[in-house]
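Where a number appears in this text, it was derived from the coordinates with a stated rule and is not lab data. Bear in mind that the values here come from a model prediction, so they are computed numbers and not experimental data. Note: ideal-geometry Cβ built from the backbone for every residue, glycine included; neighbour counts use all protein chains shown.
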Amino acid sequence: MNRIEGKTVLITGASSGIGRACARVFASYGARLVLVARREDRLAELVSKLENEHGGQAKYFCLDVSKREEVQSWAEKLQQKTIEPDVLVNNAGLASGLSRLQEGDFSDWDRMIDTNIKGLLYVSRAILPGMVKRNTGHIVNIGSIAGHIVYPAGNVYCATKFAVRALNDGMNIDLYGTDIKVSSIDPGAVQTEFSRVRFKGDEKRAAKTYEGFKPLQPEDVADAVFYVVNTPKHVNIQDLIIMPTAQRNPYLLKRRGE
Ligand SMILES: NC(=O)c1ccc[n+]([C@@H]2O[C@H](COP(=O)([O-])OP(=O)(O)OC[C@H]3O[C@@H](n4cnc5c(N)ncnc54)[C@H](OP(=O)(O)O)[C@@H]3O)[C@@H](O)[C@H]2O)c1
């Protein structure tokens, strides 16, 4: 059953990876899309592709979710255009660097905390009051298995994803008594631009992350997001962990030949 058709779905980090795959799957079920990221060329290309495939139901906004004032003025623009999201997918996020805490880089820490925690908060704070007023809506937070188990040198990234899990719980508690659902989707290894960003453009090192096993594809995670959002009104999946079959936790990843 399609419970998505005609709904307005706002996706942050839609220019790549999981966010982009979510845009594609929701568009294919007839959602109206509001897509957000910093890279305009990517968003424009995606929107025109979706328009060709599914008709003109997608809009995009260039936005850095880590900039509070930018998010606030963008939210006012949405209000002026009476864009009222039914679904918010808080997906924009990144890992920056992979170093032991004692060798950590302050600007890496700031990027991860500002995007993964503060960005998610700013966007949620902007969108939630409208959902509360209408007593309907669904927030999907893209967490990670890094929010369940810390791995070596993952310190600050893991801390941001533990924070996402805490915020997911906090939102569920604060929205008790409303019809608004809150879900966290927590993936293991997904083949996206994630590792290229983490290793600052070092393609060789990024490629190694996915060597010798079949990682999740962004579409696998998008299917899980779609499933969670498409549940009936009385069903709220609060947390869903999804990993490649080769991976059972951050430490147990079976690569060919190992
Ligand atoms: N890949 C994995 O193995 C994995 C596993 C678990 C969880 N995750 C989580 O999944 C989410 C999506 O990551 P991905 O794997 O799809 O990586 P990706 O391909 O690098 O996509 C990240 C997206 O976030 C956007 N973004 C980053 N910083 C932003 C900012 N300040 N403002 C607005 N948009 C921003 C990027 O767009 P612009 O650069 O155009 O702004 C891009 O669209 C992240 O939250 C990540 O932590 C990934």
Grab the helices (runs of 4 or more DSSP H) fully contained in the range 137-225, keeping just those with 3 or more residues being within 13 Å of the ligand (Cβ to nearest atom). 155-174, 194-198
Say we look at the range 30-56 and pick out the residues that are assigned to a loop (DSSP other than H, G, I, E, B) and either touching an Asp or Glu at 6+ places or on another chain (Cβ under 8 Å) or of a type in the set (A, V, I, L, M, F, W, C) (or both); which of these is nearest to P129 (Cα to Cα)? A31
Pick from the range 29-52, criterion surrounded by 20 or more Cβ atoms within 10 Å (Cβ to Cβ) and under 19 Å from Q191 (Cβ atoms), ranking: farthest from the ligand (Cβ to nearest atom): L46
I'd like the residue in the range 7-21 that is of a type outside the set (A, V, I, L, M) and within 9 Å of the ligand (Cβ to nearest atom) and, out of all such residues, is farthest from F194 (Cα to Cα). T12
Checklist (1) surrounded by 19 or more Cβ atoms within 10 Å (Cβ to Cβ); (2) part of a loop (DSSP other than H, G, I, E, B) applied to P232, failing item: (1)
So D86 ticks every box in (1) over 19 Å from Y122 (Cα atoms); (2) away from the ligand (no atom under 15 Å from the Cβ); (3) surrounded by fewer than 22 Cβ atoms within 10 Å (Cβ to Cβ) but one. Which box is left unticked? (1)
Among (1) within 13 Å of the ligand (Cβ to nearest atom); (2) over 14 Å from I11 (Cα atoms); (3) crowded, with 23+ Cβ neighbours inside 10 Å, where does M131 come up short? (1)
Please list, ordered by first then second residue, the pairs with beta carbon atoms under 7 Å, 6 or more apart or interchain, first in the range 109-124 and of a type in the set (D, E), second outside any helix (DSSP H, G or I). D114/S66
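Would you say K77 is within 20 Å of the chain's Cα centre (by Cα) and surrounded by fewer than 22 Cβ atoms within 10 Å (Cβ to Cβ)?
no
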For the range 1-22, which positions are in contact (Cβ under 8 Å) with a residue 60 or more places away in the chain and either touching a Gly at 6+ places or on another chain (Cβ under 6 Å) or in a helix (DSSP H, G or I) (or both)? I11, G13, G17, I18, G19, R20, A21, C22
Determine whether F26 is within 16 Å of the ligand (Cβ to nearest atom), under 17 Å from the mean Cα position of the chain (by Cα), among the aromatic types (F, W, Y) and in a helix (DSSP H, G or I). yes
